[in-house]
Amino acid sequence: MISEARRIAFKVLCQISLRGAFSDSAVHSKPASDLALRDRGLMTELVYGTLRWQGLLDHALMQVSARAWDKVDPELRVLLRISLYQMWFTQRVPDHAVLNDAVELAKRGPRKSAAGFVNAVLRTMSRWRPWTDPEAVRSWPPWVQVSLPKWLWERWSDRLGVDRARAYSLSLNQAPRCAVRAVPGSRGTIKGPCAIEASDLVPGAHFLAAGSSSRDLPPGFMVQDEASQLIPQLLGSTTSRHVWDTCAAPGGKSAILSEMCGESGWVVSSDLNRRRARQLSSALLSLSQRSGSMVLVADARRSPPFRTCFDAVLADVPCSGLGTLRRNPEIKWRVQPKQLARFQREQLAILRSVSESVRIGGLLLYSTCSTEPEENEQVVERFLGSHRQFRIRKPQFPPGIEAWLDGEGLLRTFIEARPWDGFFAALMARSR
């Protein structure tokens, strides 16, 4: 009988790898949520582990495949990856049990002959067992060893140096630390296995205890990465201020801004997509506990529907997401280098447009969850070069933020130094 955890993990991985689903939503789909608690844990580990180590697994599998790897049926590639991941990294189940499940799953596909191919590849892998031969693995290309696309490894090793790029890349293959935030006015408390620890940097942010699951959270708590929670705090006190969150979905940062503004201030939140805007409106009502949240459908790249009236504008722009690879490992297999230039054009368009709505003396906060200069420093440099009325302002909040600022006052949340996502932010003030 096929393990339910492995069957659902295979189904979820096919949705992610072949049909473009995102891991964070796919692992919480109904079939996955219906699993018993123990099986859900194994399913989640198999999905994320396979995605994180996909490059290494593919390289090993292509060594023993009788067919060219790119000619193997895509679903069979997923099945072989997840099976090899369990043999290599978990080692809690005998190889023969993993192999039997893989063969049975292959038999359920449209081609019955696939079962023989899967059986042959995994039997050969079970005899070879490269995970017991560190010297063999060290002979593989460096990007394979850390499980990165070649182009991304070359980019990071050129910029960071080989040793730091290796340490950084390997850190991305570790599970992220789960950060949460209490909804204002919530009476829920976290007890027992879901005990929490307060962040020493970000006000209101907490971490779940090791071994606990976000599924065990009581009502009144939302999951949001610590670095994501940090971004709105860079604006300092926004009490009684008027703030525009220009690319607000799914709403976590808007909820924090609403809390910071208090009853005498207000936040306008907007998103390009009408469906996402409706979801944003619903989320803000539950996250901020305020009925006065203002949500607009607006394209931040276009001329804004208001002029120079906001005390602060947040542009947390769409980006490659390369700073979230620990949490969303599928991104590293989807993003291509040519896309960075397209992202930069859109980011500049947004920044130039929304800057028109910052009052004199007001603040403009630009942020991404990317590690790449094209989306970060280069965007800010080009914007400031054509908008002389704005200057970089070094963030003063929250206390301790200076440890994460460079000499120019730009924020970078380095992933290998702390278990959070990689964000970039530039706080700018308008002088005229």
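Taken together, the values in this text are just the output of simple stated rules run on the coordinates, not laboratory data. Computed from a prediction, not measured in an experiment: that's the story for all the values here. Counting neighbours? That spans all protein chains shown, and the Cβs are built from the backbone with ideal geometry, glycine included.
In the chain, Cα pairs under 8 Å separated by at least six residues give a relative contact order of 12 percent. Using a simple spin-label model with pseudo-atoms 7 Å out from Cα toward Cβ, residue 356 and residue 286 lie 3.6 nm apart. The three principal axes of the C-alpha atoms in the range 226-430 carry coordinate ranges of 41, 36, 35 Å, sorted with the longest axis first. Restricting the trypsin sites (Lys or Arg not before Pro) of the range 315-399 to loop positions (DSSP other than H, G, I, E, B) with no more than 14 neighbouring Cβ atoms within 10 Å leaves 338, 388. Scalar couplings 3J(HN,Hα) for the range 33-40, obtained by applying the Karplus form with A = 6.51, B = -1.76, C = 1.60 to θ = phi - 60°, are 5, 7, 5, 4, 3, 5, 5, 4 Hz; x denotes Gly and Pro. Based on every Cα atom in the chain, Rg and the maximum pairwise Cα distance Dmax equal 23.4, 72 Å. Label-to-label distance, residue 405 versus residue 382, with points set 7 angstrom from Cα along the beta-carbon direction: 2.6 nm. Working from Cα pairs under 8 Å separated by at least six residues, relative contact order for the range 226-430 is 23 percent. Amide H contacts under 5 Å for residue 221: 183, restricted to partners 5 or more places along the chain or on a different chain, H placed in the peptide plane at 1.01 Å from N.
Placing unit charges on the Cβ atoms only, positive for Lys and Arg and negative for Asp and Glu, gives the chain a dipole magnitude near 1000 debye about its Cα centre.
Springs between alpha-carbon atoms under 10 Å, Gaussian network over the chain: tell me which of 249, 227, 198 tops the mean-square fluctuations. Of 249, 227, 198, the Gaussian network model singles out 198 as fluctuating most. Computing FRET efficiency as 1/(1 + (r/R0)^6) for residue 138 and residue 239, where r is the C-beta to C-beta distance and R0 is 45 Å, gives about 0.20. Using the alpha-carbon positions of the range 377-432, Rg (one decimal) and Dmax (whole number) come out as 12.5, 39 Å.
The alpha carbons of the range 87-153 give a radius of gyration and a Dmax of 14.8, 39 Å, in that order.
Have a look at 344, 63, 54 and tell me which one the Gaussian network model of the chain (Cα, springs below 10 Å) gives the largest fluctuation. Residue with maximal mean-square fluctuation among 344, 63, 54: 63. Does the range 311-432 come out rounded, prolate or oblate, given a ≥ b ≥ c as the square roots of the eigenvalues of its C-alpha gyration tensor, rounded meaning a/c under 1.5 and, failing that, prolate meaning a/b above b/c? Oblate, because a/c is 1.5 or more while a/b does not exceed b/c. Listed by chain and number, the lysines whose C-alpha is less than 23 Å from the C-alpha of residue 394, apart from same-chain residues fewer than 8 away, are 253. When the helices of the chain are scored as -39500 (n - 2.57) per DSSP H run of n ≥ 4 and the total is divided over every residue, the value at 222 nm lands at -12500 deg cm²/dmol.
Size of the range 4-140 from its Cα atoms: along the principal axes, largest to smallest, the extents are 40, 33, 27 Å. Spatially, the range 68-108 and the range 340-371 are offset by 45 Å when compared through their Cα centroids.
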